[in-house]
Amino acid sequence: MKQIEEIMKLGAVVLLALSGTLMSCGGGGGQKSSSGSGSAEGSVSIQECQIMMSTINLAQGVSCNLTQADADLFGLTPGLVQCDNGVLNYEGNEFSSGSNSINLNGLSFVCSVNG
């Protein structure tokens, strides 16, 4: 009888440890990550666009969000910027040029084909 009690205690400890491990890594909690902007559940949040010397450089397949503050500086609309095969997609509008660079109101967008 004493052995059964010890086995049950050990089982309870293992179960608690396993539950704690699952919760710490996100498992078992029923949570899904979302950027909060109506994106698909489970997706990774898109980073803010990084502007260096009035230029946003995006590698092939990369997306970023142009923030309200940065958009205001250049008289643009904030929103999603994407680079796909040298074509820049900004708020649903596609732009492309032979140089893979577009300038809108003094802000240059460079879309690298090679990444």
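The values are calculated or read from the model by the stated rules, or taken from the named source; none is laboratory data. All figures in this text were calculated on a predicted structure; none of them were measured in a lab. We place every Cβ from the backbone using ideal geometry, glycine too, and count neighbours over all the protein chains shown.
Numbers for the structure displayed
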item	result
Residue count, segment 50-69 (criterion: within 15 Å of ASN103 (Cβ to Cβ) and surrounded by 11 or more Cβ atoms within 10 Å (Cβ to Cβ))	7
SER96 surrounded by fewer than 16 Cβ atoms within 10 Å (Cβ to Cβ), touching a Ser or Thr at 6+ places or on another chain (Cβ under 9 Å) and at pLDDT below 85	no
